[in-house]
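The structure appears below as structure tokens.
The values are calculated or read from the model by the stated rules, or taken from the named source; none is laboratory data. All of these numbers come straight from a predicted model, not from anything done at the bench. Positions of Cβ are generated from backbone atoms using ideal geometry, with glycine treated the same way; all protein chains shown enter the neighbour counts. Just so you know, the surface numbers come from the protein's heavy atoms only, side chains and all, with ligands and any DNA or RNA stripped out. Shrake-Rupley method; radii C 1.70, N 1.55, O 1.52, S 1.80 Å.
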Amino acid sequence: MSFVSHVECTVCAARHDPRRLLTVCERCGQMLAVRYDLARVRAAVSKAALAARPPGMYRFRELTPLDDAEEPVTLGEGGTPLLALPRLAAHFGLRHLWGKDEGQNPTGTFKARGLGMAITRARTLGARGVILPSAGNAGGAAAVYAARCGLGCAVVVPRGTPPAAVAEAALAGAHVFTLPGSIATAGRVVARVAPDVGWFDLSTLKEPYRLEGKKTMGLELAEQMDWAMPDVLLYPTGGGTGLLGIPKGYEELREMGWLSGALPRIVAVQAEGCAPVVKAFHAGAATTTAWENPTTHAAGLRVPSPFAGRQMLDILRTTKGDAVAVSERQIVEAQRLLARLEGIWTAPEAAALVAALGMLRDAGWVTAAERVVLVLTGAGIKYAPPETPTPVELEGSDADIVAQVRRVLNR
């Protein structure tokens, strides 16, 4: 392994061999994380050398788990813009607000990062095929990257998953199965089927490499903010891979001496109809418990029993962050607000951040001078469009039509 020192359990610290296909900790069953020889990384690359590299998440190669000669399975993911949001900032009485627009990834969401990395490593380490449960976009991304390198892929999704995500997986040649229930139901099916058919289980945070792909959002944010961190970072939280990955990237850069200061206060945002992290955080619980009857049109937030609940709560508390739940109506209104003020049609999961930001600002938890980043995890075009104003239907001669347009625009 080029710069990887070992793979470590995030709870009991047991070490695992990175040359093997790994799932969860073999000692305690908890989530694994890749650790690096950061002194070697610091000696091997400089900020100036990094700046000369082409865009994309693999420009941070030394902080990825790739072998020395390993070619990633890639469609050009990463390198998404950090967009200033001045009109939305003014609306909330803020001076510094940005959105990391992950909808510009190849598959239209941030899932491209995690699944591209996970499938790269699964292929290298000898997987025959991959199988995973998904609320939608992860399954589509997995299918695309599996197709890219010729691996078999199966995706199990709840009924009601956004049709675009199902179509993406099916078009890429994956076996797509729908079932009643939630992603937790799908996860139980995958856990039983994967060992029977000899395919690798890519369930969220039940292998260590999706985290490394999502981590690159944090690496990019650090560079895009001129090697600094925001004061507050809002993240839409389902499985929570990016919620853990972004601070992991920040921590590694801090240890290398490339960043300094405290981590941003991280806010987990969920839907009122499925908010296990919010509930556990405010109850002071050590981990999450399963949410009964999860309901939200933001499919990526419909995760009733996240595997890494303990680790997510630790991050929120360590960074002095918060956890906020928003209503379905707030999500829809926030989606329209962001589009109207900034021209960004974002996914409903990401729109939930806009709603949460308003609540935090009203409560005084975020101040006007603080630097705030919203992780806009996907493109709205991958979802059924929300209700929009009815277009004006024009009739009559050219002169009549011109007059109608003038009347509307002069109001």
Exercise. Can you name every residue in segment 13-27 that is over 22 Å from Leu66 (Cβ atoms), over 26 Å from the mean Cα position of the chain (by Cα) and open to solvent by 40 Å² or more (accessible area, probe 1.4 Å)?
Worked result: Glu26, Arg27
For this session: For segment 303-314, indicate whether the set of residues that are in contact with a strand residue (DSSP E or B) (Cβ under 7 Å, 6 or more places away or on another chain) and of a type in the set (Phe, Trp, Tyr) is non-empty.
Result: no
Seminar exercise, completed: Within segment 301-328, the residues that are touching a residue at least 24 places away in the same chain (Cβ under 8 Å), assigned to a helix (DSSP H, G or I) and among the acidic types (Asp, Glu) are Glu328
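Report whether or not Ala69 is assigned to a loop (DSSP other than H, G, I, E, B), among the small types (Gly, Ala, Ser) and at pLDDT below 95.
So Ala69 passes the test.
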Exercise. Looking at (1) assigned to a loop (DSSP other than H, G, I, E, B); (2) crowded, with 22+ Cβ neighbours inside 10 Å; (3) touching a Lys or Arg at 6+ places or on another chain (Cβ under 6 Å), which is the one condition that is false for Thr287?
Worked result: (2)
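Scan segment 145-157 and tell me whether some residue there is in a loop (DSSP other than H, G, I, E, B) and touching a helix residue (DSSP H, G or I) at 6+ places or on another chain (Cβ under 7 Å).
Taking every residue of segment 145-157 in turn, at least one turns out to be in a loop (DSSP other than H, G, I, E, B) and touching a helix residue (DSSP H, G or I) at 6+ places or on another chain (Cβ under 7 Å).
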Seminar exercise, completed: Being open to solvent by 10 Å² or more (accessible area, probe 1.4 Å) and part of a helix (DSSP H, G or I) narrows Ala169, Ala165, Ala184, Ala222 down to just Ala184
Problem set entry | Subset of segment 5-38 [touching a residue at least 24 places away in the same chain (Cβ under 8 Å), within 28 Å of Leu259 (Cα to Cα) and not in a strand (DSSP E or B)] | Thr10, Val11, Pro18, Met31, Asp37, Leu38
Problem set entry | Enumeration of residues in segment 368-396 that are touching a residue at least 12 places away in the same chain (Cβ under 8 Å), surrounded by fewer than 10 Cβ atoms within 10 Å (Cβ to Cβ) and over 30 Å from Asn137 (Cα atoms) | Ala369, Val392
Seminar exercise, completed: Among residues of segment 122-149 being of a type outside the set (A, V, I, L, M) and touching a strand residue (DSSP E or B) at 6+ places or on another chain (Cβ under 6 Å), the residue nearest to Ala172 (Cα to Cα) is Gly139
Problem set entry | Residue among Ala325, Ala350, Ala399, Ala363 that is open to solvent by less than 50 Å² (accessible area, probe 1.4 Å) and out of contact with any Pro (no Cβ under 7 Å at 6 or more places or on another chain) | Ala325
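One line per residue, one yes/no per condition, for (1) modelled with pLDDT of 95 or more; (2) hydrophobic (A, V, I, L, M, F, W, C); (3) outside any helix (DSSP H, G or I); (4) out of contact with any Gly (no Cβ under 6 Å at 6 or more places or on another chain):
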| residue | (1), (2), (3), (4) |
| --- | --- |
| Val193 | yes, yes, no, yes |
| Glu212 | yes, no, no, yes |
| Pro230 | yes, no, yes, yes |
| Gly238 | yes, no, yes, no |
| Ala280 | yes, yes, no, yes |
Exercise. Tell me, which residue of segment 240-268 that is outside any loop (DSSP other than H, G, I, E, B) and among the hydrophobic types (A, V, I, L, M, F, W, C) is surrounded by the most Cβ atoms within 10 Å (Cβ to Cβ)?
Worked result: Ile246
Exercise. Within segment 123-144, can you find the residues that are in a helix (DSSP H, G or I) and of a type in the set (Ser, Thr, Tyr)?
Worked result: Thr124
Problem set entry | segment 354-376, residues that are part of a helix (DSSP H, G or I) and not charged (D, E, K, R) | Val354, Ala355, Ala356, Leu357, Gly358, Met359, Leu360
Problem set entry | Test result for Pro294, assigned to a loop (DSSP other than H, G, I, E, B), in contact (Cβ under 8 Å) with a residue 24 or more places away in the chain, farther than 29 Å from Arg371 by Cα and open to solvent by less than 10 Å² (accessible area, probe 1.4 Å) | no
Exercise. Within the bounds of segment 88-109, is there any residue that is touching a His at 6+ places or on another chain (Cβ under 9 Å), open to solvent by less than 10 Å² (accessible area, probe 1.4 Å) and either hydrophobic (A, V, I, L, M, F, W, C) or not in a loop (DSSP other than H, G, I, E, B) (or both)?
Worked result: yes
Problem set entry | Residues satisfying the stated conditions in segment 113-141, i.e. without any contact (Cβ under 8 Å) to a residue 60 or more places away in the chain and either in contact with a helix residue (DSSP H, G or I) (Cβ under 9 Å, 6 or more places away or on another chain) or surrounded by 24 or more Cβ atoms within 10 Å (Cβ to Cβ) (or both) | Arg123, Ser134, Gly139, Gly140, Ala141
For this session: Take Arg340 and decide whether it is assigned to a helix (DSSP H, G or I), under 29 Å from Leu83 (Cβ atoms) and without any contact (Cβ under 8 Å) to a residue 40 or more places away in the chain.
Result: yes
